[in-house]
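Worksheet for the structure shown next.
The values are calculated or read from the model by the stated rules, or taken from the named source; none is laboratory data. Please read all numbers here as calculations on a predicted model, not as lab measurements. Neighbour counts are summed over all protein chains in view; Cβ atoms, including those assigned to glycine, are modelled from backbone coordinates with ideal geometry. With ligands, DNA and RNA removed, areas are computed over all heavy atoms of the protein, side chains included. Shrake-Rupley method; radii C 1.70, N 1.55, O 1.52, S 1.80 Å.
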Amino acid sequence: MNAELHQFIADYGLWAVLGGTFLEGESVVVFAGFLAHQGLFHLLYVMLCAFAGSFMADQLLFLLGRRYRDHRYVQRIRAKPAFGKALAAIDRYPNGFILALRFLYGLRTVGPVAVGVSKVPALRYLVLNAIAAMIWALCFSLLGFVFGRTIEALLGRLHGVETKLAVAVALGVLVWLAYQVYARRRK
């Protein structure tokens, strides 16, 4: 069982990282960074998958806002309170907003659509989105990797895929909880 699970994770784990960045990116990437430290993934591949998934997701949302401004899905996003704040920030600081977008709570979906609706040129967004995705992927992948080192220093090398997964899931839950607390305090 242990060898089968290890092989399954090795075969499909990076695909999960790529897909996971479309949904709840931070915890997926931190989790994958931890597993890279444990030897289940290569850290560079985690970073590349995190970059690619994050970049593609935000680029897709930008194009959705740009092309389908009047579609009901985009209209629903435009009705959210965060959308007006995002547009105001885009007007004042377009480059800074695009670079910081991934790190701003509550704007992960709304932000790229708002940039698409705005007058920011598509090429500028493409370049800044790539830079931001690279920074984001590096930060969260390394956070998970460093967490793995810290755990190893405290507990010793973890053995067995089940143990690694249990610790990684606990890490994911802790990151998610910390993010929720941070978001509530900001409100």
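Here are some notes:
- Helices assigned as whole DSSP H runs in the chain whose Cα atoms extend at least 15 Å along their own long axis and whose mean Kyte-Doolittle hydropathy is 0.0 or higher are found at 2-23, 25-37, 43-67, 81-92, 122-155, 161-186.
- Solution diffusion estimate, µm²/s, Stokes-Einstein, region 1-82, Kirkwood Rh from C-alpha pairs, 25 °C, viscosity 0.890 mPa s: 172
- Heavy-atom accessible surface of the chain: percent carbon and sulfur, 1.4 Å: 67
- Extension gain for Leu63 to Lys85 (0.36 nm times residue separation, less C-alpha to C-alpha distance): 5.9 nm.
- Calculated on the alpha-carbon coordinates, the convex hull of the chain measures out at 120 cubic angstrom per residue.
- Maximal additional length on extending the Lys119-Arg76 stretch stands at 13.5 nm, based on 0.36 nm per residue less the C-alpha distance.
- Over region 3-156, accessible surface divided per residue gives 52 Å², non-protein components excluded, 1.4 Å probe.
- Note on the chain: with charges restricted to the Cβ of Lys and Arg (+1) and Asp and Glu (-1), its dipole about the Cα centre is near 1140 debye.
- Counting only DSSP H runs of at least 4 residues, each contributing -39500 (n - 2.57), and dividing by the residue count of the chain, the helix-based mean residue ellipticity at 222 nm comes to -27500 deg cm²/dmol.
- Positive-pole candidate from Leu128, Ile98, Ala79, dipole of region 3-156, charges at beta carbon: Ala79
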